[in-house]
1. Just wondering, is there one or more residues in region 127-139 that are on the phi > 0 side of the Ramachandran plot, buried (at least 23 other Cβ atoms within 10 Å of the Cβ) and touching a strand residue (DSSP E or B) at 6+ places or on another chain (Cβ under 7 Å)?
2. For region 219-248, which positions are in a helix (DSSP H, G or I), among the hydroxyl-bearing types (S, T, Y) and more than 17 Å from L272 (Cα to Cα)?
3. Let me confirm something: among A150, A190, which residue is over 14 Å from the mean Cα position of the chain (by Cα) and without any contact (Cβ under 8 Å) to a residue 12 or more places away in the chain?
4. Show the residue pairs meeting these rules: Cβ distance below 6 Å; 6+ apart or different chains; first residue within region 229-246 and within 12 Å of G160 (Cα to Cα); second residue basic (K, R) and part of a strand (DSSP E or B).
5. Anything in region 62-89 that is open to solvent by 60 Å² or more (accessible area, probe 1.4 Å), closer than 22 Å to T320 by Cβ and in contact with a strand residue (DSSP E or B) (Cβ under 8 Å, 6 or more places away or on another chain)? List them, or say none.
6. Identify, by number, the condition in (1) surrounded by fewer than 15 Cβ atoms within 10 Å (Cβ to Cβ); (2) over 29 Å from W186 (Cα atoms); (3) at pLDDT 95 or above that T356 doesn't meet.
7. Give region 189-220 a look and list any residue that's open to solvent by less than 20 Å² (accessible area, probe 1.4 Å), of a type outside the set (A, V, I, L, M) and over 25 Å from L148 (Cβ atoms), or say none.
8. Identify the residue in region 88-130 that is assigned to a strand (DSSP E or B) and touching a Ser or Thr at 6+ places or on another chain (Cβ under 6 Å) and, among all such residues, is nearest to D257 (Cα to Cα).
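The values are calculated or read from the model by the stated rules, or taken from the named source; none is laboratory data. Since the model is a prediction, treat every value here as computed from it, not as a measurement. FYI the Cβ positions are ideal-geometry reconstructions off the backbone, even for glycines, and counts take in every protein chain you see. Only protein heavy atoms, including side chains, enter the accessible area calculation; ligands, DNA and RNA are left aside. Shrake-Rupley method; radii C 1.70, N 1.55, O 1.52, S 1.80 Å.
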Amino acid sequence: MTDVRDESGIRVSPGIPRHMTVAVLGATGAVGREVCGALSRAGLPVRAAARSIGTADLPACIEARPVDIADPCALQAFCAGSRLVVNCAAPSSRTSEPVALAAARCGVDLVDAGDHDVSVRGAAVVVRAAGMAPGLSELLVRRAASGLGAVARVVTHLGGLDRFAAGGAADYLAGIGRDSGAGLAWRCGASAPSPSGVHRAVDLPPFRERVDVHPFLSADLVRTLRALGIPEADAYAVFPGEAVRSLLSRLGARITDPRPEDVAALLRAAELDLAGRRPYHVLRAEARSPAGESRNTLRHTVVVRIPSATVATAATVAQTAAAVLAGRVPPGCHHASDVLDPHTDLDAAVAHAGGTIWESTEQITLDDTDPDADAVEEGML
């Protein structure tokens, strides 16, 4: 089947049933509004819902309904008759479970931007973690690994400057607390203390300013490493600004259960870091092949630079919705990075988000200063 791109940048298959409605929750939020517009421009009928839908600035062709996610009857009535439900409402810790339950009762497929695990299971398709991170970040690892026949080691960097919406800030804090991956690496197929410490005010290409670099192994990256059978990895969270990093350090153990004042503090910290600068995010994944007797190895690197996490998440949600509607995703519960194509879907999502992809493969010779011996490559940090 031949895939085509519509003017929205979404990968649209001729097999998508355009007469079937996509029901979008959280449509007045930053991500939801972008998703509604992208799906509508792709020629798909969209039904949009939010608690305050009357104030939404949505295209006239979109059917808008006020829906309170806390009302199970209203939520189920909104989902009924649609082909696909898309949940962009945040925080996902509060919205994912009731939305999944309503979609399951209606026998409707579901795509959720959030990464909150749900207990609802059924015969329909459920795809979660359809965001920038998790989502594109793990898809990038699959892209890097696909450039090699066998992979012995992966290195990832993720960071940037951006503002948060309140729901997104709550999800960000909850995700960090849930992962408990600070200071960890991946060794011999299991989590282990990272041999690399925190690096402050360092030059790290492709970041264009000095940054702080912290070892952080997310649960979603662990799942991807296990699925690909990769034995070793080092993952780093990168902070170009001081305010967000300092706040996360101060929150400490409390980050597992963030309070409203913690969310408000994160909103302020992100704005402070961003003052006078443009938002951006960099996602970098490097995969290496096993070294031979000559200590030569292939290194395949993929770098994505995106101007907005909001638009990147919306683009990932829209790509995932298109994949489900085209029948490319089997029944069951999946992560978006497991069902999206690391080449065509990643290219489309990044292009839709106004980002760029840089990719290279090179042969290198390992020596005593290489990250296979030390945790961090000289010249990278």
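1. Taking region 127-139 and keeping what is on the phi > 0 side of the Ramachandran plot, we get 129, 135.
Filter again for buried (at least 23 other Cβ atoms within 10 Å of the Cβ), leaving 129, 135.
In the following step, the residues that additionally are touching a strand residue (DSSP E or B) at 6+ places or on another chain (Cβ under 7 Å) were identified as 129.
Yes, because at least one residue in region 127-139 is on the phi > 0 side of the Ramachandran plot, buried (at least 23 other Cβ atoms within 10 Å of the Cβ) and touching a strand residue (DSSP E or B) at 6+ places or on another chain (Cβ under 7 Å).
2. Scanning region 219-248 gives a single hit, T224.
3. On the way: A150 fails: without any contact (Cβ under 8 Å) to a residue 12 or more places away in the chain.
The conditions single out A190.
4. Note: no pairs meet the criteria.
5. Correct list: E63 only.
6. (2)
7. D212
8. Initially, region 88-130 is screened for residues assigned to a strand (DSSP E or B), giving 109-112, 125-128.
So of that shortlist, the ones also touching a Ser or Thr at 6+ places or on another chain (Cβ under 6 Å) come out as 111-112, 127.
Numbers: V111: 25, D112: 22, V127: 25 Å.
Here the answer is D112.
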